[in-house]
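Undergrad: Quick one: the structure is below, questions incoming.
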Amino acid sequence: MAEVASTSSNSLPSTKSDSLAAAIEVQNYLKARLSASKNSASNDSGKWEIPIIDLTPSFSPSLSNRQAVASQIHQACITTGFFYITGHGIPQEICNNTLALAERFFRELTPEAKEKIHMKHSDHFRGYEPASWTSTNEYETKETKEGFNWGYETGLDPSGGDGKYVELDGSSEAGKNLWPEESELPGFYAGIAQYYGQVLQLSRHIFRLFALSLSLPEDYFEPLVTHPGGIARLINYPASRNPSPLPVDDEEIGLGAHSDYECFTLLLQDSTPGLEILSPSGQWIAATPVEGGIVVNVADFLMRWTNGRYKSTVHRVVNRTNKQRYSIPFFFSINYDAKVETLPGCLAEGEVSKYPPITAGRYVLDRLGLTLKTGGY
């Protein structure tokens, strides 16, 4: 196995001020990208296509088959930063059941029950998230989404982990999720736990493919995911008050423009469209749901490891339809006490890293902190 740094946050060169500066830099980049964008969506994917990658061969014992899939991933990462996966191995029944649980959570749970698990009771951004509580960026502050957030627990990890999990802030106490009572939403925890375990294991598999895509040993990143961060969300996007393809009313933004923070994201979504990706030319491209598919997108850690070669692409959600939209993103991270710094193999001779080293958890915490509204965290 190739050696890869996996040290505790106490010995890392990254500090709170370093990671906060990095988070603010991303926000400034986002502001520049949005100022140049066209406030419209396009279904014309001919110029900037989001590829569909069948993962089936990646489960083969043949290394050449796995490398072939990794090559497709590499091409997607250096162009769009987004791709769909099919043949991912998560049974469709589990996906459908989890989306149904998301709908049940928002429709059936009483306001009083939601209040008991409100994010204000959590130090780690867990629990029920009303639309008024956070804003993804400071430029689109009227988001309509509501969510429910939870993170890694040893009991949710089919591998059992290594018992060394730490939180975003470096604390060692895990299991700080806020769950509704079983009597309030029967079967909710069991169904969510089943999906979380499946998507966590799939993420570990995909991370091996990312290693191959960078011409690294397949197990290169494994020392960094012995107790990985993995925040998941249920998100409800209300139906539009004025369903129309164009234009976008600022008050109709479901989730404002942003890049994701961690290694990569796996997004399970229902059949209602809404995800839009900002192309290099500043055009919003609609990422139409693919039946049986899961959306994968590069996030900031992979961008930093590759010195910008892999694209952590700006995206948003706008529900332009007269139907509710439900989605379930899973944000896969390395161990929160590990560091992220540019890989030597991603620096050409004489090239300097664009990104200073950061501690994974500290960076995510600072990015999350920038989403908070007055009265929030």
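Undergrad: Kindly state, to the nearest 0.05, the FRET efficiency for I94 paired with S353, given R0 = 45 Å and r defined as their beta-carbon distance. Mind showing how you got there, number by number?
TA: Working: r = 40 Å, r/R0 = 0.90.
Computed FRET efficiency for I94 and S353: 0.65.
Undergrad: Want the number for D54 to T321: 0.36 nm per residue separation, take away the alpha-carbon distance, what's left? Present the calculation step by step, with values, prior to reporting the outcome.
TA: Numbers: separation 267, 0.36 × 267 = 96.12 nm, distance 2.91 nm.
Using 0.36 nm per residue and subtracting the Cα-Cα distance, I get 93.2 nm.
Undergrad: Report the net charge of residues surrounding K114, where surrounding means a beta-carbon distance below 14 angstrom and charges are Lys +1, Arg +1, Asp -1, Glu -1.
TA: -2
Undergrad: Holding the Cα-Cα limit at 25 Å, pick out from K120/K142; K176/K339; K114/K142; K116/K339; K120/K354 the pairs that are longer than that.
TA: On the way: K120/K142 19 Å; K176/K339 23 Å; K114/K142 21 Å; K116/K339 35 Å; K120/K354 36 Å.
Those over the limit are K116/K339; K120/K354.
Undergrad: Along the Cα→Cβ direction, 7 angstrom out, place labels at V290 and E181. What is the inter-label distance in nm?
TA: Distance between the two pseudo-spin positions: 4.4 nm.
Undergrad: Sorting W305, W179, W150 on the 10 Å Cβ count, fewest up front, what's the list?
TA: Working: W305 22, W179 17, W150 25.
Fewest-to-most ranking of W305, W179, W150: W179, W305, W150.
Values quoted throughout were computed directly from the atomic coordinates according to the rules given, and no laboratory measurement underlies them. Fair warning: this is a prediction, and the values are worked out from it, not measured in the lab. Note that each Cβ is placed from the backbone with ideal geometry, even for glycine, and that neighbours are counted across all protein chains shown.
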